[in-house]
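Throughout, read-outs are computed from the coordinates displayed, never taken from laboratory work. Since the structure is predicted, the reported quantities are computational estimates derived from the model, not experimental observations. Counting neighbours? That spans all protein chains shown, and the Cβs are built from the backbone with ideal geometry, glycine included.
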Amino acid sequence: MKQEFDTVDQLVTEWKQERPELDVDAMQVVGRIIKLGKVLEKRASSVLKESGIHYTDLDVLATIRRSGKPYQLAPKQIMDSVLLTSGAMTALLDRLTKLELIYRASDNKDARIKLAGLTPKGISVIDKAIKIRFDEANLSVSIFNETESLALSELLRKLLISIG
């Protein structure tokens, strides 16, 4: 079977030529993870177009949806899950409110907090979009058999925990 080369192979070859003293082994892993992240996010964004939402919308709506009934969370809880800045979160919540996918309501325990809750339309949109997203994710890793997929998942978890 002929070995295929990717952009990281090219990068490594060039660095070995220009700076042979550099250890390029780790960059082969890190470079591919970075590249894969960009490719996978672009693929996810592309398939989500038919649902009318963006990748960041999906992240927020899915976070609220998987929190369970009554499908309400404080912005801080959402931020902890999706890793957005507070300014970006505010703008996104405002946009989702205008799209009638979420509503904002005062927290009974602390009126200063404006909870974000899913509207019936929001529930419908996220339930359809998350199915599309999971189908695309499954397609993205369909090259692996179950053993390979589980092994890769474990290795990525180990790396993420160690540096995250």
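In the range 34-56, whose amide N lies under 20 Å from the spot 7 Å out along Cα-to-Cβ of residue 19? List them in ranges.
34-35
Top mean-square fluctuation among 127, 110, 135, Gaussian network model of the chain, C-alpha springs under 10 Å?
110
State whether the range 125-164 is rounded, prolate or oblate according to the following rule on the C-alpha gyration tensor (a ≥ b ≥ c being the square roots of its eigenvalues): a/c under 1.5 gives rounded; otherwise a/b larger than b/c gives prolate, and the remaining case gives oblate. Please list the in-between numbers first.
Details: a/c = 4.04, a/b = 1.52, b/c = 2.66.
Cα axes put the range 125-164 in the oblate bin.
Report the residue, chosen from 39, 30, 60, that carries the largest GNM mean-square fluctuation when the chain is represented by alpha-carbon nodes joined by springs under 10 Å.
30
Using Cα springs under 10 Å in a Gaussian network model of the chain, which residue among 101, 11, 48 shows the largest mean-square fluctuation?
Checking each option, the largest mean-square fluctuation is seen for 11.
Which whole-number percent is the relative contact order of the range 92-155 (Cα, under 8 Å, 6+ apart)? The partial results should precede the final answer.
Values: 40 pairs, mean separation 13.5, N = 64.
Across the range 92-155, relative contact order equals 21 percent.
Taking 0.36 nm per residue of separation and subtracting the Cα-Cα distance, what length does fully extending residue 9 through residue 157 add? List each step's numbers first, then the result.
Numbers: separation 148, 0.36 × 148 = 53.28 nm, distance 2.41 nm.
This chain segment gains 50.9 nm when fully extended.
What's the extension gain from residue 27 to residue 90 if we count 0.36 nm per residue and subtract their Cα-Cα distance?
Values: separation 63, 0.36 × 63 = 22.68 nm, distance 3.59 nm.
That pair, residue 27 and residue 90, stretches by 19.1 nm at full extension.
Could you tell me the calculated FRET efficiency between residue 128 and residue 36, based on Cβ-Cβ distance and R0 = 30 angstrom, to the nearest 0.05? Display every interim value, and only then the final one.
Values: r = 26 Å, r/R0 = 0.86.
Efficiency for this residue pair is about 0.70.
Report the normalised scattering of the chain as log10 I(q)/I(0) at q = 0.10, 0.16 Å⁻¹, calculated by the Debye formula with identical scatterers on the alpha carbons.
For the chain, the Cα-only Debye profile gives -0.53, -1.03.
For the chain, what relative contact order do you get, as a whole percent, if you take Cα pairs closer than 8 Å and at least 6 residues apart? Write down the numbers at each step before the final one.
Values: 120 pairs, mean separation 31.9, N = 164.
Computed over the chain, the figure is 19 percent.
Relative to the longest principal Cα axis of the chain, at what angle does helix 120-140 sit, 0 to 90 degrees, rounded to 10?
10
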